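A.B. asks: Take a look at the following structure, please.
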Amino acid sequence: MSMHKKKYLIVGLSSFPGGGKDFIADILIDKYDFYKVSPGDITREALKRAGRGHTLTREMQEEISKRMIRKHGQNYIMELCYRQILKSKKPRIVIPGIRYPSDFEFYKEKFDDSFINIFVSASRKTRYDRIIFRKREAKISYAKFIKEDAEQEHRYHLQQTKELSDYKINNDKSNLRSLKKTLSSIIERHI
């Protein structure tokens, strides 16, 4: 049993890029007063510190993540997030960016039943449109996006993470009210 049982509700969010992890996190923040701890923000901050944040690409984010993992171990970024969680002293945390199955296992080990993971799905075209719209990354062609998408599925073992996830929701241009209702139903079971 985890030493954090019942003290926290930790919600991990997994998806392919553009699936809506941050959008779902924002709903949790607004409706349930969750605190956001983002692995993506940690890697983007590392890129900025390295002087490379102005031309942010997915490749650059992945490269900095790989370097951090090679240097410090597979769970290093999740460990940094874990430290932020403990430092925050907030009882409800959302982590948009549970990618590897080992990320899922890391938080299950730390928080036991106080950790749930939601896999957020959306069509490839919807995800591409979102990535272009949010302008967080350098613009890429749809063909390159498709190629990178397939590579990410293999690299991160996202299908396995999806199978491990406690819940799966669809965020594919759905009715916002329906999406919020589904999300509320999940969260209400755990608070």
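Quick note: the coordinates plus some simple rules give every number you see, no bench work behind them. In this text, all values refer to a predicted model and were calculated from it rather than measured experimentally. All Cβ positions, glycine included, derive from the backbone under ideal geometry; neighbour counts span all protein chains shown.
A.B. asks: Hey, which aspartates and glutamates would be in cross-link range of Lys181, C-alpha to C-alpha under 19 Å, not counting anything within fewer than 8 residues on its own chain?
C.D. replies: Straight-distance partners of Lys181: Asp22, Asp26, Asp30, Asp33, Asp166, Asp172.
A.B. asks: Now a separate question. Extension gain Ile132-Asp33, at 0.36 nm per residue separation less the Cα-Cα distance, in nm?
C.D. replies: So the extension gain works out to 32.8 nm.
A.B. asks: Report the residues of region 5-37 in range of a label on Ser184: point 7 Å along Cα→C-beta, backbone N strictly under 14 Å from it.
C.D. replies: Residues passing the 14 Å test: 27-28, 30-33.
A.B. asks: Quick one, can you get me the convex hull of the C-alpha atoms of region 56-127 expressed as volume per residue in Å³? Let's see the in-between values first.
C.D. replies: Working: hull volume 9.1 nm³, N = 72.
It is 126 Å³ per residue.
A.B. asks: Another one. Using P(r) over Cα pairs in 5 Å bins from 0, in percent as the read-out, say which of (1) 1, 7, 13, 14, 13, 12, 11, 10, 8, 6, 3, 2, 1, 0; (2) 1, 7, 12, 13, 12, 10, 7, 6, 5, 5, 5, 4, 4, 3, 2, 1, 1, 0, 0; (3) 1, 7, 16, 21, 22, 17, 11, 4, 1, 0 was calculated from these coordinates.
C.D. replies: Of the labelled values, this structure produces (3).
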